[in-house]
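Just below is one structure, and these are the notes that go with it.
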Amino acid sequence: MKRQELMVAAIKNGTVIDHIPSNKLFQVVRLLHLEDKNVEPEVMIGYNLPSKKMGNKSIIKISEKFFTDAELNVLSVVAPNVTLCVIRDYEVVEKKCVTLPQEIIGIVKCGNPKCITNNEPMSTHFHVTDSKHGIIQCKYCEKEQKLDTIKLV
C-alpha cells in the first residue's frame with residue numbers, strides 16, 4: 001500500500017486555523033480581512049485537503065499574527081468547529097476552539113429586507129437565541145435566522 005503525505009510548510013510563529021469546511025474557507029478569509037492588500041504577515045491557504053475527520057478540509061497559516069479570543073470567536077459564525085493552534089518556535093503552544101459569542105455585531109446581514117439595517121447606514125446587531133441549533137435574532141426587527149443560511153455584511 002502506497003502511503004501519501006501532504007507536506008505543508010511550517011511556520012515559526014503565528015496562528016494555524018485548521019478544520020475549516022472547504023465551502024467556508026473564503027468566508028473565513030474575508031472575516032479575518034486576509035484578502036486586504038495591506039496585510040503584512042505571510043498567509044498560506046490549503047484548500048480542499050484530505051481529512052480523516054471531515055472528508056476534506058481547508059487550513060490557513062498566518063505567520064507572526066496572533067488573534068484575540070473575540071476576533072477568533074467571530075469565525076464561529078461561519079465555521080463553528082475550527083481548531084486554532086498558536087505556534088511559537090515551530091511548536092504548538094496552545095490549542096483553542098472557537099465559541100459562538102452571545103452578540104454578533106456588524107458581521108451578518110439581516111434577512112428581512114424591511115429591517116432598518118438594510119435601509120439605513122448602521123451596523124447589524126444579532127443576539128444568539130439558540131447556540132446549539134445556530135439560531136440568531138435581529139435586535140431591531142426580531143427576525144430569526146439560521147447561521148447556515150446567513151449572508152455576511
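General observations
- Of all the criteria given as (1) over 18 Å from the mean Cα position of the chain (by Cα); (2) open to solvent by less than 70 Å² (accessible area, probe 1.4 Å), the one not satisfied by PHE67 is (1).
- Qualifying residue in region 116-125 (condition: more than 20 Å from THR15 (Cβ to Cβ), β-branched (Val, Ile, Thr) and either open to solvent by 30 Å² or more (accessible area, probe 1.4 Å) or touching a Pro at 6+ places or on another chain (Cβ under 7 Å) (or both)): yes
- Members of region 115-137 that are in a strand (DSSP E or B) and either in contact with a Gly (Cβ under 8 Å, 6 or more places away or on another chain) or free of Cβ contacts under 8 Å to residues at least 24 places away in the same chain (or both): HIS125, PHE126, THR129, ASP130, ILE135, GLN137
- Residues that are assigned to a loop (DSSP other than H, G, I, E, B) and either free of Cβ contacts under 8 Å to residues at least 40 places away in the same chain or open to solvent by 40 Å² or more (accessible area, probe 1.4 Å) (or both), drawn from region 75-99: PRO80, ASN81, ASP89, TYR90, VAL98, THR99
- Hits in region 138-153 (condition: assigned to a strand (DSSP E or B) and surrounded by 16 or more Cβ atoms within 10 Å (Cβ to Cβ)): CYS138, GLN145
- Strands (runs of 3 or more DSSP E) completely within region 1-74 that count 3 or more residues being touching a helix residue (DSSP H, G or I) at 6+ places or on another chain (Cβ under 6 Å) and at pLDDT below 80: none
- Hey, ASN112 open to solvent by 90 Å² or more (accessible area, probe 1.4 Å) and not charged (D, E, K, R) or not: no
- Condition broken by LYS95, with the remaining ones in (1) at pLDDT 90 or above; (2) of a type outside the set (S, T, N, Q); (3) closer than 26 Å to LYS146 by Cβ satisfied: (3)
The values are calculated or read from the model by the stated rules, or taken from the named source; none is laboratory data. Just so it is clear, the structure is predicted and the values come from calculations on it, not from any experiment. Reconstructed Cβ throughout: ideal geometry from the backbone, glycine too, with neighbour counts over all protein chains shown. Heads up: the accessible areas ignore ligands, DNA and RNA and are worked out on the full protein's heavy atoms, side chains in. Shrake-Rupley method; radii C 1.70, N 1.55, O 1.52, S 1.80 Å.
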